[in-house]
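The values are calculated or read from the model by the stated rules, or taken from the named source; none is laboratory data. Predicted, not measured: the structure shown is a model, and the values here were computed from it. Every residue, glycine among them, receives a Cβ derived from its backbone with ideal geometry; neighbour counts consider all protein chains shown. Calculation scope for accessible area: heavy atoms of the full protein, side chains included, ligands and nucleic acids excluded. Shrake-Rupley method; radii C 1.70, N 1.55, O 1.52, S 1.80 Å.
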Amino acid sequence: PALVATGAHSEPLIAGLPFTLPPPQRHAAREIGRDLSRTRPMRRLLQGEVGSGKTLVALLAVCQAAEAGAQSAVLVPTETLAAQHLRRLDPLPGPVGLHPVLLTGRVTGAERERRLMALRTGTATVAVGTQALLSEGVDFHRLGLVVVDEQHRFGVEQRQALSERAGGGGAAHLLYMTATPIPR
């Protein structure tokens, strides 16, 4: 799907930052935003050192997806990293309008069903989780963007499987993130 930015979610996020986005982050966010607005699925690798702002750039892409009425999934390799990402997203629902849910192997029973229902109905804008996101029964109302953090920790088929849950015969945009340099 074409995910066209309106600024409704990203502008409050940027305005609330205690710093100005450095030129490399602005450049990466602009290129990713341009790719998201196209109907051809984006397949982009965002590589940078630890602490270089990859997560913020990805968060701006998640905001753009939400502005276009689409959901995002953030796939991470560990429950600890999933909890860290959720802590970054949790304070944002008020001013930014994102409604994240955490989905890991530890979330079970009625709570898991409640979160899965939020994804199916679209009341959850963002799913942050581990390989639990790849499980049977995890369906999205309108998945538009998949962010894979530490992409080298997942197989090619795992990374692609989540994108194919976009529905309608299409595929969601994919943003891979890594701090590990990729050899030529």
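Some points to look at:
- Extreme residue, least open to solvent (accessible area, probe 1.4 Å), among residues of segment 171-184 that are at pLDDT below 90 and farther than 15 Å from V76 by Cβ: A171
- Output for segment 1-30, where each listed residue is in a helix (DSSP H, G or I) and open to solvent by less than 30 Å² (accessible area, probe 1.4 Å): S10, L13, Q25, A28, A29
- Any hit, segment 32-47, residues being on the phi > 0 side of the Ramachandran plot, in a loop (DSSP other than H, G, I, E, B) and touching a strand residue (DSSP E or B) at 6+ places or on another chain (Cβ under 9 Å): no
- Restricting attention to segment 53-86, the residues that are touching a Lys or Arg at 6+ places or on another chain (Cβ under 6 Å) and farther than 24 Å from R34 by Cβ add up to 1.
- Looking only at segment 33-69, residues that are open to solvent by less than 80 Å² (accessible area, probe 1.4 Å), more than 18 Å from P12 (Cα to Cα) and in contact with a His (Cβ under 9 Å, 6 or more places away or on another chain) come to 5 in all.
Quick grid of which residues meet (1) more than 15 Å from the chain's Cα centre (by Cα); (2) among the polar types (S, T, N, Q):
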{"position": "G7", "(1), (2)": "yes, no"}
{"position": "A15", "(1), (2)": "yes, no"}
{"position": "R26", "(1), (2)": "yes, no"}
{"position": "P41", "(1), (2)": "no, no"}
{"position": "Q71", "(1), (2)": "no, yes"}
{"position": "T78", "(1), (2)": "yes, yes"}
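- If the condition is being more than 23 Å from T178 (Cα to Cα) and of a type in the set (S, T, Y), then segment 1-19 contributes only T6.
- In segment 96-123, of all residues being touching a residue at least 24 places away in the same chain (Cβ under 8 Å) and in contact with a Phe, Trp or Tyr (Cβ under 9 Å, 6 or more places away or on another chain), the one that is most open to solvent (accessible area, probe 1.4 Å) corresponds to G122.
- Looking only at residues in segment 136-170 that are closer than 14 Å to R120 by Cα and part of a loop (DSSP other than H, G, I, E, B), the one that is modelled with the lowest pLDDT is G167.
- Of all residue pairs spaced 6 or more apart or on separate chains, those with beta-carbon atoms under 6 Å, a first member in segment 47-66 that is within 21 Å of H141 (Cα to Cα) and a second member that is in a loop (DSSP other than H, G, I, E, B) and among the aliphatic types (A, V, I, L, M) are Q64/L3; Q64/A5; A65/L3; A66/L98.
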